[in-house]
1. Could you check what % of the DSSP bridge pairs in segment 176-332 are antiparallel, to the nearest 5?
2. So how do 123-129, 164-170, 342-348, 98-104 stack up, highest first, on mean other-Cβ count within 10 Å?
3. Regarding segment 1-80, what are the three Cα extents along the principal axes, ordered largest first, in Å?
4. Between Ala115 and Leu47, what's the calculated FRET efficiency when r is the beta-carbon distance and R0 is 25 Å? Round to 0.05.
5. Hey, can you rank 278-286, 312-320 by average C-beta count inside 10 Å, highest first?
6. So how tilted is helix 43-62 from the main axis of the chain? Cα-based, degrees 0 to 90, rounded to 10.
7. Straight-line reach only, C-alpha to C-alpha below 16 angstrom: list the lysines that Lys91 could link to, leaving out same-chain residues fewer than 8 apart.
8. Take the alpha carbon atoms of segment 244-319, find their center, do the same for segment 147-171, and report the distance between the two centers in whole angstrom.
Amino acid sequence: MPVDILTTDFDHSRKARREPLQSEEFAQIIYMKTPPYKTNVGMNRLLSHIVFSLCASWYLVRNRRRYDTIYATAPLNLLLWTAFSCTGTAKKIMDVVDIWPDALPFSASTRRALAPIFVVWKWLFVSSARKADIVISGSNVFLQEAKRYTSKDTQTAQFYIGHDSLNYSVPKEPLFTLAYVGNLGHLYDFETLLDVLSEEDLIGRMQLFVIGVGDRQDWLLHELSRRDIPHRFYGVVLDRDRLGSILCSCHAGFNGYVRTNASFSYKATTYLAAGLPLVNSMRGDLQQLIDTYDLGENYEAGVREQLRGALLRLSRRDHDVMASSCRQFFEANLESSRVRGEIVRYLAKNLGFIVPEMDSAKDLAHV
């Protein structure tokens, strides 16, 4: 079945315009011109999302009889609502990646001051859930919130975020090494991490490997140097072999968030793909899985004593045993071909498609 992709012409990670490429996997990729922004916080990013949502929705209005299935992701609530409202009898799939404004780290005073805006913002999510035929999410917490508003006929399912294996046989660093992969932005608990790593009895005993870019990159690197915390900065690493080799030389992955509670993060999946136990402050699914399957240590964001204890406990454990637990969980639940196969079978069943018999999840992943 031919599939079209509607996307923005602005690359969120690079903060630059995309080259309008096409792919043989899709009938066409349609790029919507949207305003650029320089940081992940502020009105310019919100304006860019609004413009993209309106442009994509206007395209769907003009082509509403062309598509029999519409797939859209939250948290672009405006896009979800307009897309689902204008496409008539088309099957509507809502993928809940995040829930805005609920999961955003606004202060209590900001939420009170902007209460009318937040009510409308959340209403767009609620109304979209009511219109959806299928709701899926990588987080059970997000899925349960969406199910509060779905109709009795809506089909719902939760799938973890898949990833290719990053299992490489490389020696571990001589120092206990914590890896951080992803955006260097304002949602992450770097302050607490820096405070702990620079404590007098820990300085020089642990190091941090940083992979990524973001708004706080210069600040983070300056603080690491100023506090004499051993570290290496790799920037963006797109090559899978290099990424896997770097991560497998580390001992744990940092998944510390500030004031967020609800998901199974992409970075957590990346760490587990390399067999790294997690140092985690994210509540919800991930917190429970860590406790149940021995995938690392949880701590409360901002609490130095808890983060210090988590790091020390991990540094004293048998790293081979921890890596084995993480890899077993990854292979059973997160390996990309397995996850893709589960999604293909689920959507085929609920959209009335026939999937040919496959010999393995890897074969099914190519459907």
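No value in this document is a laboratory result; all are computed from the given coordinates. Remember, predicted model here, so these are calculated numbers, not experimental data. As a convention, Cβ positions derive from the backbone with ideal geometry for all residues, glycine included, and neighbour counts pool all protein chains shown.
1. 5
2. Working: 123-129: 20.1, 164-170: 14.7, 342-348: 16.7, 98-104: 18.3.
Top of the packing list down: 123-129, 98-104, 342-348, 164-170.
3. Here the spans come out as 38, 26, 19 Å, largest first.
4. Working: r = 21 Å, r/R0 = 0.84.
For Ala115 and Leu47, the calculated efficiency is 0.75.
5. Values: 278-286: 23.9, 312-320: 13.9.
Order by mean packing, descending: 278-286, 312-320.
6. 30
7. Within the straight-line limit of under 16 Å, Lys91 reaches these lysines: Lys131, Lys152, Lys349.
8. Computed from Cα coordinates, the inter-centre distance equals 18 Å.
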